[in-house]
Amino acid sequence: MPDIGFLNGRFMPLEQAMIPVEDRGFQFGDGVYEVIRTYRGIPYQLEAHLARLERSAQAIGLSMPYCVPEWREFVKEGIRLGGHDESKVYIQVTRGVAPRDHVFPAATSPTAVLTVRALRPLDAALRATGVGAATLEDLRWGRCDIKSVNLLPNVMARQKAKEAGAFEAVFVRDGKVTEGAVSNVMVVRGGVLATAPEGERILSGVTRSVVLALARQEGVTVQEQAVSLEELRRADEVFLTGTTVEILAVVRLDGAPIGTGRPGKLTGLLSARFQASLG
Ligand code: PDD
C-alpha cells in the first residue's frame, strides 16, 4: 500500500511531495504540527488533535489555511487513499515560502502538509517488559504547550537517551519533571496518580487527558501537580502516555529500577481500560 503525501490541497505519492528550500518551516522551524494514529482505521481523538493544531497556530500568529471540517476530510481521505490497516497521520502547517527574513512575510500563504504512513506498532516485548528512561535537563523554550516543529532539544534528548540504552528522555526543569521528549509522564505513589499540570511547560497531551479521565473513572486520586525528580525516583510506578506510546511502563530510570522493576498494577489496569475504551 502506498504512503500518501498531501501538499496544499493535493494528494500525491509521498515521495513526490516537495517543499521549496525557502519554506519557513525549513528555514526557521516556523510551523506547528500534529501526529494522529488510527484504531481500526478511524483517526483517534481527531477533534482534540485538530483543536490543538488550531490553538498552536493561533499561538504563533499563523492563519490556518483550512478550517477544522476541511482538515477532518483531508485526514480521512488520506487514510482512505493509503489503505493501510492502521495509519499514522502527520500534519504540518508552516508560515509558507518567502525570502529569508525573521519578520513575518506580508503576503505569503501557509504551507499545509499531510503524510499518511502505515503505523508500525511498538514492539510487543517492550510493552510487556516496560522500558528504561533517562532524565535530562529540560532545555526547551518557555512555550512547550505549542506543538511547534522546533524539536531540536527533543531530538537531542531522545538521542542521548538512546545512547544511554533508554527508550525515552524525561525532562526535568528546576528539579521538577515536565514531560518526555515524545510523551507525557505519569507517576504513581501510594495509589495516587500525579503528573505535571497543564501550562506552558508541557504539551497538553491528548492521550494524557484520556488517561487521566480513565483513572478518575476508576476512583483513582489524580494530582495534576509538579512532581520532583526525587519523587519520580521513589515512585511505585511510572508510565508514559502519548499517541505513539499509548500507555507504556517505565521500569528503569537512569539505570535504577522503578518500584519492583516491572510494569505496575495501576499501569496495567489503565492500559486495559484504555484498550477497552477503543471499542
Ligand atoms: N508527540 N509531549 C510531547 C513533547 C510530545 O511530543 C507528545 C507527542 C506528547 C503526547 O501527546 P499526545 O498524547 O497528544 O500524542 C507529549 C508526538 C507523538 C510526536 O512528536 O511524534
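The values are calculated or read from the model by the stated rules, or taken from the named source; none is laboratory data. Everything quoted here is computed from the prediction, not taken from an experiment. Note: ideal-geometry Cβ built from the backbone for every residue, glycine included; neighbour counts use all protein chains shown. Only protein heavy atoms, including side chains, enter the accessible area calculation; ligands, DNA and RNA are left aside. Shrake-Rupley method; radii C 1.70, N 1.55, O 1.52, S 1.80 Å.
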Can you tell me which residue among Gly130, Gly142 is of a type outside the set (A, V, I, L, M, F, W, C) and at positive phi?
Gly130
Of the residues Ser271, Ser277, which single one is polar (S, T, N, Q) and within 16 Å of Leu126 (Cα to Cα)?
Ser271
Condition check for Phe104: assigned by TED's automatic domain parsing to the domain that holds Leu50 and open to solvent by 40 Å² or more (accessible area, probe 1.4 Å):
yes
Please verify whether Glu47 is surrounded by fewer than 17 Cβ atoms within 10 Å (Cβ to Cβ), modelled with pLDDT of 95 or more and within 14 Å of the ligand (Cβ to nearest atom), treating the condition exactly as stated.
yes
Among Gly279, Gly264, Gly259, Gly268, which is farther than 19 Å from Asn154 by Cβ and either touching a His at 6+ places or on another chain (Cβ under 8 Å) or modelled with pLDDT under 95 (or both)?
Gly279
Could you tell me which numbered condition Asp3 fails, if it satisfies all but one of (1) open to solvent by less than 30 Å² (accessible area, probe 1.4 Å); (2) in contact with an Asp or Glu (Cβ under 9 Å, 6 or more places away or on another chain)?
(1)
For the stretch 174-189, give me each residue that is more than 13 Å from the ligand (Cβ to nearest atom) and either open to solvent by less than 50 Å² (accessible area, probe 1.4 Å) or in contact (Cβ under 8 Å) with a residue 12 or more places away in the chain (or both).
Gly175, Lys176, Val187, Val188, Arg189
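Restricting to helices (runs of 4 or more DSSP H) lying wholly in the stretch 190-279: which have 3 or more residues that are surrounded by 17 or more Cβ atoms within 10 Å (Cβ to Cβ)? First the steps, then the outcome.
Details: elements: 206-217, 229-233, 265-277.
Those helices (runs of 4 or more DSSP H) span 206-217, 265-277.
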Can you confirm whether the stretch 131-142 contains a residue that is of a type in the set (Val, Ile, Thr) and not assigned by TED's automatic domain parsing to the domain that holds Thr267?
no
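Scan the stretch 111-119 and tell me whether some residue there is within 19 Å of Asp3 (Cα to Cα), at pLDDT 95 or above and part of a loop (DSSP other than H, G, I, E, B). Working first, answer last.
Initial filter on the stretch 111-119 (within 19 Å of Asp3 (Cα to Cα)): 112-119.
Still in the running and at pLDDT 95 or above: 112-119.
When the remaining residues are screened for being part of a loop (DSSP other than H, G, I, E, B), the result is 119.
Yes, some residue in the stretch 111-119 is within 19 Å of Asp3 (Cα to Cα), at pLDDT 95 or above and part of a loop (DSSP other than H, G, I, E, B).
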